[in-house]
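What follows is one structure encoded as structure tokens, with my remarks underneath.
The values are calculated or read from the model by the stated rules, or taken from the named source; none is laboratory data. Quick caveat, the model's predicted, so the values are computed rather than measured. Don't worry about glycine lacking a Cβ; one is built from the backbone with ideal geometry, like all the others, and counts go over all protein chains shown.
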Amino acid sequence: MPTKRPLRILVLGMCLLVVLTVTGCRAAQKKPLSIRTPAPTKPSPMGTAPRTTPAPTTPTPTTPTGPLPTRREEVVKLQDKLAKEAEKVPGVKKAWVVLSGDIAMVGTELESNVSQGQGDGAGVKNDVMVRLRKADPRLTRVAVATDAGTVSKLRQVAEGMRTGKTTTTFTRDINDLVRKLVPGAGTTVK
């Protein structure tokens, strides 16, 4: 009789192991709902694989489309282009741009004749934001800084990237800038 009890425990344990193996012990994966509708498909002329038809919009040659660049050289080129665009705004003496994902952070040095409305030249900052969003509609957020400390940090990062240093060299600085300039965005560089 005493040998049947350990045998029962062993058999019950094996059954439990089989049941857990078959059914799995992980929660069902929930996939997020897509907010985009897929592009309509059109069969190819030979009836092989379907191909998607492009959206009916025709962008102008100066309007960038597609994802923002990720290679350092391309990012630096876009940052320089956006900085030149910001410098076209009346009242901006010099500008530096740092991209983090689809966020552009702009440090601006204002001309001495700009009235410092509420300490920032708020109208100039707004003009810079609007101009950069028009220059590259792929940007979801544009944050403009005029205070010396933030502008200095943006300048260091932008010029460091221009000299060949990688984005990862500035990860901590960029994350600090994102937290400071774009509340609610979290960190975008890992």
Exercise. Quick one: is Val75 surrounded by 10 or more Cβ atoms within 10 Å (Cβ to Cβ) and either at pLDDT below 60 or in contact with a strand residue (DSSP E or B) (Cβ under 6 Å, 6 or more places away or on another chain) (or both)?
Worked result: yes
Exercise. When residues of region 66-108 are filtered for being touching a residue at least 40 places away in the same chain (Cβ under 8 Å), farther than 22 Å from Ser152 by Cβ and in contact with a helix residue (DSSP H, G or I) (Cβ under 6 Å, 6 or more places away or on another chain), how many remain?
Worked result: 0
